[in-house]
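Step one of this worksheet: look at the structure below.
The values are calculated or read from the model by the stated rules, or taken from the named source; none is laboratory data. The model shown is predicted, which means the values in this text are computed figures rather than measured ones. Note: ideal-geometry Cβ built from the backbone for every residue, glycine included; neighbour counts use all protein chains shown.
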Amino acid sequence: MTRRGPIRLHHSRLAAAAAARYLLLPEPEREAVRAAARQAAVRADIAYADLLAAEAALAARREQPEAARLLFSLSEDAFGASATLVVVYDRSGRQLWHVDVDEEWPDESLVTDLLADAWDWFRGDLFPVAAQDGDLFEFVLPDAVPARVRGTLTRRVQAGTPAGCVCRSMRDGGNPASHDNQIRAHGHCWCLCHGGP
């Protein structure tokens with residue numbers, strides 16, 4: 001706790017020094033610096049909004065593990081956006097849950113608060129309008145394992161290479177003894193399909 005004050009002071013001194021240098025620049029250079037800073041800020045906003053949406057995906061899958069697509073409504077007031085879940089689909093398009101048909105979603109706010117926060121943080125095309133209903137927004141949940149890795153995993157399972165693992169180290173992936181060693185030593189292997197370290 002005692003270090004927080006000096007750290008904040010250090011950062012404010014850096015910011016003041018940068019602002020002082022900025023004031024000395026000619027106008028074209030100031031414009032270029034502002035444009036670069038804005039681009040960096042937008043990229044950071046998008047990245048943070050994506051992380052909030054990914055947390056919403058995790059919360060949704062805790063209740064519906066097969067969830068692949070959420071349709072939800074968004075409304076806004078003086079306090080910001082709020083979201084309401086309407087429909088949840090799996091990857092094949094089968095309806096898993098509907099607000100008018102099924103029981104209330106347990107702890108819906110664990111999902112909807114994160115969707116609303118992501119929307120508030122970045123207002124770009126984060127959630128497109130749903131094709132089925134122009135009043136709803138759509139969120140396609142990200143996969144925990146990218147399709148490229150899933151394809152590799154499938155091929156390796158068929159080939160019978162150790163326990164179907166997609167190991168980060170190709171040497172370990174092709175060597176069952178080394179793979180089993182990792183399991184014994186660490187309780188898991190260092191592969192993508194088992195989540196890594």
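The table for this structure:
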{"quantity": "The one condition in (1) closer than 21 Å to Asp133 by Cβ; (2) in contact with a helix residue (DSSP H, G or I) (Cβ under 7 Å, 6 or more places away or on another chain); (3) loosely packed, with under 12 Cβ neighbours inside 10 Å that Ala83 fails to fulfil", "calculated": "(3)"}
{"quantity": "Yes/no for Val129 being over 20 Å from Leu58 (Cβ atoms), loosely packed, with under 12 Cβ neighbours inside 10 Å and free of Cβ contacts under 8 Å to residues at least 24 places away in the same chain", "calculated": "no"}
{"quantity": "Pair list, Cβ under 6 Å, 6 or more apart: segment 73-95 residue within 13 Å of Ala118 (Cα to Cα), other residue surrounded by fewer than 12 Cβ atoms within 10 Å (Cβ to Cβ) and at pLDDT below 95", "calculated": "Ser82/Ser75"}
{"quantity": "Answer residue from segment 39-80, given it is surrounded by 12 or more Cβ atoms within 10 Å (Cβ to Cβ) and polar (S, T, N, Q) and is farthest from Pro142 (Cα to Cα) among those", "calculated": "Ser73"}
{"quantity": "Among (1) at pLDDT 95 or above; (2) part of a helix (DSSP H, G or I) - the single one Arg155 does not satisfy", "calculated": "(1)"}
{"quantity": "Residue in segment 8-25 that is assigned to a helix (DSSP H, G or I), surrounded by 10 or more Cβ atoms within 10 Å (Cβ to Cβ) and either within 14 Å of the chain's Cα centre (by Cα) or modelled with pLDDT of 90 or more (or both) present", "calculated": "no"}
